[in-house]
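**Student:** Below is a structure I'd like to ask you about.
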Amino acid sequence: MSAHAATADGKQLNYLNCEKGLWSWIMSIDHKRIGLMYLASILSFFVVGGVFALLVRAELFSHGKTLYGPDDYNVFFTLHGVIMIFLFIVPGIPATLGNFLLPLMIGAKDVIFPRLNRFTYWLYLFGAAIAFCAIFMRLDTGWTFYAPYSIQNRWAVVTATAAAFFLGFASILTGLNFLVTIHNMRAPGMTWGRLPLFVWTLYASAILQIVATPVIGITLLLLLLENTMGIGIFNPAAGGDPVLFEHLFWFYSHPVVYIMILPAMGVVSEIIPVFSKKPIFGYKALVYASVGIAAVSFLVWGHHMFVAGMSNLSRYIFSFLTFFVAVPTAVKVFNWVSTMYKGSISWDTPMLYAMAFVFLFLIAGTTGVHLATLGTDAHYHDTYFVVAHFHYTIQGGAVIGLFAGLHFWFPKMFGRMYNEKVAKFAWLFLFIGFNGTFIPQFILGMEGMPRRYYDYPIEFEPLHRISSIFAFINAAGYAMVLGNLFYAVFKGKKCEENPFHSLSLEWTTASPPIHDNFVQIPRVTTWTYGYGAEHAAEGEAVH
Amino acid sequence: MGHSDKEWKRLGDGSLITEDAQVGLGHIVPVKLYNLVFTALLMLTIVTVWVAQYDIGGGHGAMNLAVAMLIATIKAALVTLYFMHLNWESKITWGIVIYPLFIFALIVAGTLGDFSVKERITPSFGHAATEAMEKVATGAYKRNIQREQGTLPDESHHGGEHH
Amino acid sequence: MGHHESLPLGHTHFAEPEQVYHSAKFGMWVFLATEVHLFGALFCTFAVYRWRYFEDFQQFALSLNWRLGGLNTIVLLTSSYFMVRAVDAAQKGLNKKVNSFCNLTLLCALTFLVVKFFEYRAKLILHEPPIFPHSHIFYGLYFTMTGIHGLHVLLGMGAIWWLKMRAKREEFSVTYYTPVEVVGLYWHLVDVVWIYLFPLLYLLGGLA
Amino acid sequence: MFTFMPEQASEWAPYVDWLNDYITNISVFCILGITAVMLYFAIRYRRRGPDDVTPYITHSASLETAWTVVPTVICFFVFYYGFESYHEMRNPPANAMEVNVTGVKWRWDFEYSNGKRTTNELVVPIGRAVKLIMRSQDTTHSFFIPAMRVKEDVLSTVYSYLWFTPTKLGEYHIFCAEYCGLQHSGMLGKLRVVSEGEFGDYLYDRQDPEAVELPPAELGKLKFAEKGCTACHSIDGSKGLGPSLKGVFGGDHVMSDGSVVKADENYIRESIVYSQKKIVKGFEGIVMPAFEGQLSEAEVNGLIAYLKTL
């Protein structure tokens, strides 16, 4: 590393200490700082959402009234949904790791529209502020805002939909920024074939953000107008049709689950080769699978509405199309596992999270098949089986993916290392807590326990008790993970610039990187996953 | 996936234009073409209004809708191709214009298709819910009920006001 | 290194003018794709309810004043034309012409909004049983779609006003006219949306 | 195989459970198999030193096509079985017995072809196909009988239908599966599958001769629970959606228009049958459904007797 200019007190100048003061952070257009600010915001909302989850689980601990009445319960599970989805997981990996790493991975100084990036973060904070007001307005419609019921609870829904509208707009602008950056800001030599898989998944989810989010924007705007001016579009009494609301809502809400999960798959595709010292297996297959999922995800929104009064023909068609989505996901899992074949696998924390991701995502994917099949979905729809399925997909998939990324790129972001033993213990605690919480819910779903129930028949009680206890263990696991990382940000011991010996482009510059990322725009000549290329058979190495 | 090292157009301090971005600034279009396209647009507007007075028939006013949409699409194409310079843009921009049209067709097909093939069933004997709903009906639902019962208030201003 | 004070607009601190130009246009085309989906979902709702309440939609379409609608279409088309001439002038670096064509575009946009105001007044106030968005789904959709479109016209006027200010400061030249072209793209999309709105709302019931 | 599914009480429940087990077996095999392979790789090829030599394998076309084609084939088999069972679920036989279901905010009302109306209790004969024509009076509900493996949303705009053929006697849960507000979890119903003869008696209210005559208060207590009164009225004084009925009989109650009324028999009868006539102060916004035509004379007297005991 060429010598870097030092700050006044002799420390190496980097993006953290090149400007001081809160104002320099808020007004910063540096993608790395914006990424960190996003990280702080979404993790704090993750904690708030988690508290609501614990309140819900505490109430469900026993049959009948345990802590509070049904009206509070409805508010808590709604806020758990709204905060976790709109404020934490939709920005999630793209806004934090994506913002921080995209320019570094493609060898650029910053995203193409840095001021738009800063405006997007302000827009996100503005939406979050409105959502914060909605917390105190007894919003009890569920995060899906289904039409006839959300028309009665007017002002809370108006606030929440306005918040979701601005958060959606921020998501669109992030997607736009990433799409143009990937197209036009790649360093010389960084062809489409050498793009890291994390960048490919950001590209696929950027397409989804751009094409799907406006539909939810207009749907929530119509719901807002329905509540204020009563335009009658979703109000059955005025001739409107709630099933149309469901169509428009799920047209966005299925692609959004791919916006959540694709970047997590990208993170895992980056981690497994590094810790197995082996090139990723089937790079092209993974790329086609990512972009394929982005394309196919627009065909399948109907499987959320199998029992919602759609015509029978539509149900058959949507069930048939949903299986097209299952295949690319299966292919990805096979590729990850085959990457580990004959590798040199080190059991560091990021690798533990990546392996946990593969295991949990297998469960999420296969239970998705139960819900895609028409015969069984008539029984499973809107039961705890669905709750367990999407928690395995979002929490087991996207959140574990986010933590895998945080642990893997922690040295790159802060130049320090977290405590390895505590991190591993926290991983185990989290893994047990998570599985303990949601495997009983699969069984509850099989037994026919509907979701969003404040009170339940007595025979479901033992499983709810197990699930509630493990929910608190799960929360303790999260506290440990976040505590460990937060402590390491300030007190973690300094570490070398590429502790895991990754060949990817972002590790070639200093950690934490300088303000302009690279001293001189790099010329990329090798493939990012060329582990063991030096003694590969002549001509076989991929450039 | 390009494997070989292509030569790049070197600009300033090493950041380069990638191969699929068009080099050089936008395309200068002769003003005469703008005037031509503008008159064509005005003519098409007059045509679409003129055609609207004839009922060409077809279930659900399908033919009227088809003709109106055809003319509108031609106008939109003129504006997009010549006023927005799409005619001289790179392949990527064409992709960005065409791709949303497929997605729009998808959502209309999925939604309208579902509503049009839905089985209509009616109870063979009385249903309490229907009476309750009809008591609170307003707007379009109320007019449907009145139309079935033939008590539709005939609109006095059938011809629409003209001021 | 040092830090970067607020940069003059348009000259980001690292990319070359050509790269910024292509990326800005690329970004605006992508933004227009999101606008197409925003209005697309609205048109989809309109399609569903027109299919379901066909007689009412035909009848109420007659109550809309197609003459004012037609006038608005022509006004928007001329504003699009002036915008194109403004972009052409900017490409040639003639800032004064850009300023005058921006004025003409703003004038047309203002006429559009004034005509829309008269239309709304005719519906909401002058009509004997006043027509409100909640009186029928057709009017609900009519006010929503034209309202959102009117909002976009307003935003467009703001952007064109911003262009006027910069043209006055002689900022555009043969090598730097990206903002004019980008705002032009946005304005043409607003015009294209109205090209579809006008026949769907006003003409499908025949001419009153 | 040990299963968590509720008891199989409808004609196609065994087929649905078989399909569920079929998918679960494949899933468990895939999950355990792939995880076992992953763990084996992780242990067998764990990093021994920092400079281990690893082979340079990037892809293998044959393996990748294999594991793309095989899941696709399995998926289509699963889809076909799902489609086949569902096709049967969505096509009721012509001779199915029709029952009207009305979803009201937090209770189910049933109406039989001979005009008999019940609340929260559906009685069907064993072995005969039953077709439910459903519609909601307010928000969207969802009629769900786990034992019959059947579920369908109850919309307020159109009629939706579901059908099943009960094959086992007994009493089964009815749930509301679509979130519908405060008492979404209280919207429980009972499905009773009875023999043909017993169903005839039930349908035409023929008193079962040897059924012992319930004392009024006991009958009132049964109806109080069955008609869903507990959803809004508490009997222990705690605050509910409607006024608490603890010690209601004989006391003076202030009405919304300020008048004071003594809670005697006709006031309670009137409040049950024409509930909108007098509203207690502080409960103006709450809509109590009228039970006119839903309760026989004996049942209303029973309720009054029961309220006296509170």
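**Student:** Filter the stretch D:236-249 down to residues that are β-branched (Val, Ile, Thr) and out of contact with any helix residue (DSSP H, G or I) (no Cβ under 8 Å at 6 or more places or on another chain), then give me how many there are.
**Tutor:** Qualifying residue count, the stretch D:236-249: 0.
**Student:** Based on what the data block shows, is C:Phe198 at the interface with another protein chain (Cβ under 9 Å from one of its Cβ atoms), within 27 Å of B:Ile71 (Cβ to Cβ) and in contact with a Ser or Thr (Cβ under 6 Å, 6 or more places away or on another chain)?
**Tutor:** Against the criterion (at the interface with another protein chain (Cβ under 9 Å from one of its Cβ atoms), within 27 Å of B:Ile71 (Cβ to Cβ) and in contact with a Ser or Thr (Cβ under 6 Å, 6 or more places away or on another chain)), C:Phe198 qualifies.
**Student:** Within the stretch A:412-425, can you find the residues that are more than 21 Å from the chain's Cα centre (by Cα) and either closer than 11 Å to A:Pro350 by Cβ or in a helix (DSSP H, G or I) (or both)?
**Tutor:** Across the stretch A:412-425, the qualifying residues are A:Phe414, A:Tyr418, A:Glu420, A:Lys421, A:Val422, A:Lys424, A:Phe425.
One line per residue, one yes/no per condition, for (1) outside any helix (DSSP H, G or I); (2) surrounded by 16 or more Cβ atoms within 10 Å (Cβ to Cβ):
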| position | (1), (2) |
| --- | --- |
| A:Asn14 | yes, yes |
| A:Lys20 | yes, no |
| A:Lys32 | no, yes |
| A:Leu43 | no, yes |
| A:Gly49 | no, yes |
| A:Ala53 | no, yes |
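**Student:** Now a separate question. Pick out the one residue from A:Thr191, A:Thr141, A:Thr219 that is closer than 27 Å to C:Ala33 by Cβ, surrounded by 24 or more Cβ atoms within 10 Å (Cβ to Cβ) and among the β-branched types (Val, Ile, Thr).
**Tutor:** Just one listed residue meets the conditions, A:Thr219.
Yes or no, residue by residue, for (1) surrounded by 14 or more Cβ atoms within 10 Å (Cβ to Cβ); (2) more than 7 Å from chain C (Cβ to nearest Cβ):
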residue	(1), (2)
B:Met69	yes, yes
B:Ala72	yes, no
B:His85	yes, yes
B:Gly95	no, yes
B:Pro100	yes, no
B:Leu106	yes, yes
B:Glu119	no, yes
B:Thr122	no, yes
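**Student:** Quick test for you: out of B:Leu112, B:Leu81, pick the one residue that is under 22 Å from the mean Cα position of the chain (by Cα) and more than 7 Å from every other protein chain (Cβ to nearest Cβ).
**Tutor:** It is B:Leu81.
**Student:** Still on this structure, please answer the following. Could you tell me which residue of the stretch D:183-194 is surrounded by the most Cβ atoms within 10 Å (Cβ to Cβ), considering only residues that are touching a Gly at 6+ places or on another chain (Cβ under 9 Å) and over 17 Å from D:Ser10 (Cβ atoms)?
**Tutor:** The residue in question is D:Met187.
**Student:** Specify which of the listed residues (A:Glu420, A:Glu461) is of a type outside the set (S, T, N, Q), at pLDDT below 95 and closer than 30 Å to A:Phe275 by Cβ.
**Tutor:** A:Glu420
**Student:** Take the residues of the stretch C:149-195 that are among the aromatic types (Phe, Trp, Tyr) and crowded, with 19+ Cβ neighbours inside 10 Å: which is farthest from the other protein chains (Cβ to nearest Cβ)?
**Tutor:** That would be C:Phe172.
**Student:** On to the next question. Can you name every residue in the stretch A:296-337 that is closer than 26 Å to A:Trp200 by Cβ and either at the interface with chain D (Cβ under 7 Å from one of its Cβ atoms) or not in a helix (DSSP H, G or I) (or both)?
**Tutor:** Listed by number, the residues that qualify are A:Ser297, A:Phe298, A:Leu299, A:Val300, A:Phe323, A:Ala326, A:Val327, A:Ala330, A:Val331, A:Val333, A:Phe334, A:Val337.
**Student:** Conditions first: (1) free of Cβ contacts under 8 Å to residues at least 40 places away in the same chain; (2) surrounded by 22 or more Cβ atoms within 10 Å (Cβ to Cβ). C:Met83 passes all but one, so which condition is the exception?
**Tutor:** Only one criterion in (1) free of Cβ contacts under 8 Å to residues at least 40 places away in the same chain; (2) surrounded by 22 or more Cβ atoms within 10 Å (Cβ to Cβ) is unmet by C:Met83, namely (1).
**Student:** Sort out which residues of the stretch B:65-99 are at pLDDT below 90 and among the polar types (S, T, N, Q), and write them in order of number.
**Tutor:** Residues satisfying the conditions are B:Asn87, B:Ser90.
**Student:** Regarding the stretch B:124-142, can at least one residue be identified that is away from chain A (no Cβ under 14 Å), under 16 Å from C:Arg52 (Cα atoms) and surrounded by 14 or more Cβ atoms within 10 Å (Cβ to Cβ)?
**Tutor:** No, the stretch B:124-142 contains no residue that is away from chain A (no Cβ under 14 Å), under 16 Å from C:Arg52 (Cα atoms) and surrounded by 14 or more Cβ atoms within 10 Å (Cβ to Cβ).
**Student:** Continuing with this model, one more query. Looking only at the stretch D:1-30, how many residues end up being buried (at least 18 other Cβ atoms within 10 Å of the Cβ) and among the hydrophobic types (A, V, I, L, M, F, W, C)?
**Tutor:** Adding up the residues that qualify gives 8.
**Student:** Testing D:Tyr172 on (1) assigned to a loop (DSSP other than H, G, I, E, B); (2) surrounded by fewer than 24 Cβ atoms within 10 Å (Cβ to Cβ), one condition comes back false. Which one is that?
**Tutor:** (1)
**Student:** Taking the stated definitions as given, is D:Asn20 more than 25 Å from the chain's Cα centre (by Cα), outside the structural domain of D:Ile126 (by TED's automatic domain parsing) and of a type outside the set (Phe, Trp, Tyr)?
**Tutor:** Judged against the criteria, D:Asn20 is not a match.
**Student:** While we're here: For A:Asn17, work out the one condition from (1) closer than 16 Å to A:Asp516 by Cα; (2) at pLDDT 95 or above; (3) polar (S, T, N, Q) it doesn't fulfil.
**Tutor:** Failing condition for A:Asn17: (2).
**Student:** Only one of (1) outside any helix (DSSP H, G or I); (2) crowded, with 24+ Cβ neighbours inside 10 Å; (3) not aliphatic (A, V, I, L, M) is not met by A:Phe86, so which one is it?
**Tutor:** (1)
**Student:** While we're on this one: Give the residues of the stretch A:160-207 that are among the charged types (D, E, K, R) and within 12 Å of A:Ile112 (Cα to Cα), sorted by residue number.
**Tutor:** A:Arg186, the sole residue that qualifies.
**Student:** Take the residues of the stretch B:91-115 that are touching a Phe, Trp or Tyr at 6+ places or on another chain (Cβ under 9 Å) and in contact (Cβ under 8 Å) with a residue 12 or more places away in the chain: which is farthest from A:Trp301 (Cα to Cα)?
**Tutor:** B:Ile92
The values are calculated or read from the model by the stated rules, or taken from the named source; none is laboratory data. Model, not experiment: these values are computed from the prediction. Quick reminder, even Gly has a Cβ in these numbers, built from the backbone with ideal geometry, and neighbours come from all protein chains shown.
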